[in-house]
Amino acid sequence: MFIRAIRTPLGAASVSIIVLIVLVTILGPILAPYDPLAQDANHILSAPSSAHWLGTDNVGRDVLSRLLAGSPLSILSAAEAVAIGFALGVIPGLLSVYLGRVFEWLSLRIVDAFITLPFLVFAIAMTALLGNGLQQAMLAVGILISPGFYRVTRAAALTAASSQYVEAARLVGASPWWVLRTHLWGKVAPAVAVATAGAMGAGLVIVSSLTFLGIGVQPPAPTWGGILADDLGYLFQQPFGPLYPTVLIMLTVGAFNGFADALRDAAGIAGHVRILGRTRRPQDAQTTATPEATHV
């Protein structure tokens, strides 16, 4: 599936951008020409020049260095949130098919409750309860994106569980764990892969939004969202300032969404798999393989 996806123009372009972003994430702090926290009172809000390729901010810090140094926090934070959502969504989604009516009912009610939570209110409440730190903020984000993983996984598992070869395996005495590992996971994995790629884009938007508001990572630590928030305060003096972090966020999110679409087409999955969305009815995840959802 992955090979077929990257052979398409959309998949190849998306993977190229993702690889570039990963390299920037790994090497960004090393490649930064200046200390991202170093202030220079003689070069405040400077225009791009040979010394500062993207100019400087309101306290004279090099913008390029801050963008490069802020890449690990921005990308790894989104990956951490997606990993938490994956663990809290995929595993219960699979188990809900086999652990009986009680676990199924409880898991569905918990997922429905998470879907109704206002995102920003929940994130702020979590950071107020546990402290304004990166781990606390990512835990909140992971919890809120887990229902998308749960619904996608459960829908795909229900479709596979009703197939004849799975029924035959049960009749010959195969254990639920063996059926899950041998038969169901191979059918569920493509949908989960599409959901994960899409969730990375959504996760980066969420992380950037939170850091824009000062939640999770506190200044002066550089993040793409934090740099954007700083630049918006000085639009009159430096109108091009917000352009740089905005372009980085848009390119990265677009690349992950494009890769998700390429994976979906390669796997032959009908419709769009949305992580941050709502199904038309709470029962949709029990009856459809790819629940159609809309953006929150």
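Once you list every other residue whose beta carbon is under 11 Å from the beta carbon of GLN238, what net charge do they have if Lys and Arg are +1 and Asp and Glu are -1? Don't skip to the answer; put the middle values down first.
On the way: positive: none; negative: ASP57, ASP230, ASP231.
Once all neighbours under 11 Å are counted, the net charge is -3.
Considering the chain as a Gaussian network with a 10 Å cut-off on Cα pairs, which listed residue, GLY89, GLY241, GLY60, attains the greatest mean-square fluctuation?
Top of the fluctuation ranking is GLY60.
Is the C-alpha gyration tensor of the stretch 197-264 telling us rounded, prolate or oblate? Criteria: a/c under 1.5 is rounded; beyond that, a/b larger than b/c is prolate, otherwise oblate.
Values: a/c = 3.80, a/b = 1.74, b/c = 2.18.
Oblate is the answer for the stretch 197-264, as a/c is 1.5 or above yet b/c matches or exceeds a/b.
In whole Hz, with x marking every Gly and Pro, tabulate ³J(HN,Hα) for the stretch 122-130 from phi via Karplus 6.51 cos²θ - 1.76 cosθ + 1.60, θ = phi - 60°.
5, 4, 5, 5, 5, 5, 5, 6, 9
Taking the simple approach of a point 7 Å from Cα along Cα-to-Cβ for both VAL102 and THR182, what is their distance in nm?
Once both label points are built, they end up 2.8 nm from each other.
How high is the relative contact order of the stretch 157-251, given as a whole-number percent (alpha carbon pairs under 8 Å, six or more residues apart)? Please report the intermediate quantities before stating the final value.
Values: 60 pairs, mean separation 16.4, N = 95.
Reported as a whole number, the value is 17 percent.
Under a 10 Å cutoff between Cα atoms, tell me which one of ILE30, ILE75, ILE227 has the largest fluctuation in the Gaussian network model of the chain.
ILE30
Hey, what do the phi angles of the stretch 45-56 turn into as Karplus ³J(HN,Hα) couplings, whole Hz, using 6.51/-1.76/1.60 and θ = phi - 60°, x for Gly and Pro?
Rounded to whole hertz, the list is 6, 6, 6, x, 8, 5, 7, 10, 4, 10, x, 10.
Listed highest first by mean packing, meaning other Cβ atoms within 10 Å per residue, what order do 78-86, 141-149 come in? Don't skip to the end; give the middle numbers.
Details: 78-86: 22.3, 141-149: 25.8.
The most tightly packed comes first, giving 141-149, 78-86.
Using 0.36 nm per residue of separation minus the Cα-Cα distance, give me the extension gain between ALA125 and TYR234 in nm, one decimal.
On the way: separation 109, 0.36 × 109 = 39.24 nm, distance 3.00 nm.
Computed gain between ALA125 and TYR234 is 36.2 nm.
Only Cα pairs within less than 10 Å get springs; with that Gaussian network setup on the chain, which residue of ALA47, ALA69, ALA255 has the largest fluctuation?
ALA47
Counting each pair of different Cα atoms once, what's the Kirkwood radius of the stretch 16-70 in Å, rounded to one decimal?
On the way: mean 1/r = 0.0875 Å⁻¹.
After inverting the mean inverse Cα-Cα distance, the result is 11.4 Å.
If I take all pairs of Cα atoms in the stretch 1-129, what percentage of them are more than 27 Å from each other? Don't skip to the end; give the middle numbers.
Numbers: 4290 of 8256 pairs.
Looking at the stretch 1-129, the distances longer than 27 Å represent 52 percent of pairs.
What are the radius of gyration and Dmax of the stretch 108-157, computed over its Cα atoms and given in Å?
Looking at the stretch 108-157, its Cα Rg and Dmax stand at 12.1, 37 Å.
Which net charge results when you count Lys and Arg as +1 and Asp and Glu as -1 among the other residues whose beta-carbon is under 15 Å from that of PRO36? Intermediate values should be presented prior to the final figure.
Details: positive: ARG61, ARG66; negative: ASP35, ASP40, ASP57, ASP62, ASP230, ASP231.
Residues near PRO36 contribute -4 overall.
I'm checking a number: the convex hull volume of the Cα atoms of the stretch 72-155, normalised per residue, in Å³. What is it?
Working: hull volume 7.1 nm³, N = 84.
It is 85 Å³ per residue.
Please give the Cα centre distance for the stretch 214-234 versus the stretch 163-205, rounded to the nearest Å.
39
Spelling out what I want: for every residue of the stretch 184-192, take phi, set θ = phi - 60°, compute 6.51 cos²θ - 1.76 cosθ + 1.60 (Karplus), and round to whole Hz; glycine and proline get x.
My calculation for the stretch 184-192 gives 7, 4, x, 7, 7, 4, x, 5, 5 Hz in order.
Pairs of alpha-carbon atoms within less than 8 angstrom and 6+ residues apart define the contacts here; what relative contact order does the chain have, in percent?
This gives 24 percent for the chain.
For the chain, what log10 I(q)/I(0) values come out of the Debye formula at q = 0.08 1/Å, with one point per alpha carbon and no solvent?
These q points yield log10 I(q)/I(0) values of -0.41.
What does the convex hull of the Cα atoms come to per residue for the stretch 135-246, in Å³? Don't skip to the answer; put the middle values down first.
Numbers: hull volume 12.7 nm³, N = 112.
Measuring per residue, one finds 114 Å³ for the Cα hull of the stretch 135-246.
Every number here is computed from the coordinates shown, using simple stated rules; none is lab data. Only a predicted model underlies this, so the values are computations on that prediction, with no experimental measurement involved. For neighbour counting, all protein chains shown are included, and Cβ atoms are generated from backbone atoms with ideal geometry for every residue, glycine included.
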